[in-house]
Amino acid sequence: EGVLKTGDLMIFPRELAHSMCPETPQTDKQQHLSFQESENREGTGILCGEVRFHHEGCRYLLDALPPLLLIKYDSADAWLRPLLTLIINENHNIGMASKVILDKLSELLFTLSIRQYLMDNPHGTGFLSLYAHPRIAKAVSALHKHPEKTWTLKLMAKQAMLSRTTFAETFKSLSGWTPGQYLGWWRMQLAWSLLRSGEKIARVSAKVGYQSESSFSRAFKKTFHIRAGQVKSVYRRVQPDSLAKVLV
């Protein structure tokens, strides 16, 4: 339980039963109104939105977050205030490309919220904590930029400026994964996006660091339980069912 103030941001990465009530009793019924309809009305207003995910790997991100992500307005004033101002202004003046602009602002709001969470919780666990660790994050960034390289534990540890033992133990304690498991997971997430965009399997396998198309195809099927060639057809059939609810 807690008290929310003007501008505070709440994100529910997963469905979670919750309730909110005003500090001062109000007599009117709760109403669900468009932004324009809510103008010039007495009472407390909550601006709601949602972020939908189309990538198969989104569950790893959402599962790594707490049930409720609360960003206090005062602690994130540098980015939250101007971003909310843009969102409110765009809702005030619906015009050309407003939906596209609001969609992008919502994505930015969600992304900055995750970064703020990592800054506020630098000693957390889960794979997101890898990005907050000052040395491990350097190695992870290198893996992201060059997934095609033949990465060894020695090379990854060198990026982090740690010994192999310290690097491996720290990586495992933070995320629960070995560096090799994370590298394999990242390569598969990247491969999914590339295949969905229409790239050929042989080209994708080389881009994500596999020596042969057959070894890539086996790894892909083990991860996603479908063949690499089925990605586009599966994506067309399945509607995105993972979302995060955003309340301000």
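The values are calculated or read from the model by the stated rules, or taken from the named source; none is laboratory data. Because the structure is a prediction, the values reported are computed rather than measured. Note that we place each Cβ from the backbone using ideal geometry, even for glycine, and neighbour counts take in every protein chain shown. Keep in mind that these areas ignore ligands, DNA and RNA; they rest on the heavy atoms of the full protein, side chains included. Shrake-Rupley method; radii C 1.70, N 1.55, O 1.52, S 1.80 Å.
Quick notes
- Residues that are more than 19 Å from Ser141 (Cβ to Cβ) and either touching a strand residue (DSSP E or B) at 6+ places or on another chain (Cβ under 6 Å) or not polar (S, T, N, Q) (or both), drawn from region 160-171: Glu169
- Residues of region 48-67 that turn out to be assigned to a loop (DSSP other than H, G, I, E, B), open to solvent by 40 Å² or more (accessible area, probe 1.4 Å) and modelled with pLDDT under 80, as a count: 3
- Only one entry of Thr44, Thr24 meets the criterion of being open to solvent by 70 Å² or more (accessible area, probe 1.4 Å), touching a residue at least 12 places away in the same chain (Cβ under 8 Å) and part of a loop (DSSP other than H, G, I, E, B), and that entry is Thr44.
- The residue list Gln211, Gln181 contains one member that is open to solvent by 60 Å² or more (accessible area, probe 1.4 Å) and part of a helix (DSSP H, G or I), which is Gln181.
- Checking each residue in region 104-156 for being within 27 Å of Leu68 (Cα to Cα), part of a helix (DSSP H, G or I) and in contact (Cβ under 8 Å) with a residue 40 or more places away in the chain picks out Ser106, Glu107, Leu109, Phe110, Ser113, Ile114, Gln116, Tyr117, Asp120, Ser129, Leu130, Val140.
- Single unsatisfied condition, Ser38 versus (1) in a loop (DSSP other than H, G, I, E, B); (2) surrounded by 14 or more Cβ atoms within 10 Å (Cβ to Cβ); (3) in contact with a helix residue (DSSP H, G or I) (Cβ under 8 Å, 6 or more places away or on another chain): (3)
- Identity of the residue in region 91-103, farther than 27 Å from His18 by Cβ and in a helix (DSSP H, G or I), that ends up most open to solvent (accessible area, probe 1.4 Å): Lys99
- Of all residues in region 70-83, those that are under 14 Å from Leu4 (Cβ atoms) and of a type in the set (Val, Ile, Thr) have Cβ atoms under 9 Å from Cβ atoms of residues that are part of a loop (DSSP other than H, G, I, E, B) and modelled with pLDDT of 85 or more, 6 or more apart or on another chain, in Ile71/Asp8.
- Residue in region 69-82 that is open to solvent by 70 Å² or more (accessible area, probe 1.4 Å) and within 18 Å of the chain's Cα centre (by Cα) present: yes
- When residues in region 157-176 are screened for being in a loop (DSSP other than H, G, I, E, B) and either surrounded by fewer than 18 Cβ atoms within 10 Å (Cβ to Cβ) or among the acidic types (Asp, Glu) (or both), 3 of them pass.
- Within region 1-21, the set of residues being among the charged types (D, E, K, R) and surrounded by 14 or more Cβ atoms within 10 Å (Cβ to Cβ) comprises Asp8, Arg14.
- Screening the candidates Tyr131, Tyr117 for the property of being surrounded by fewer than 17 Cβ atoms within 10 Å (Cβ to Cβ), modelled with pLDDT under 90 and aromatic (Phe, Trp, Tyr) yields one hit, Tyr131.
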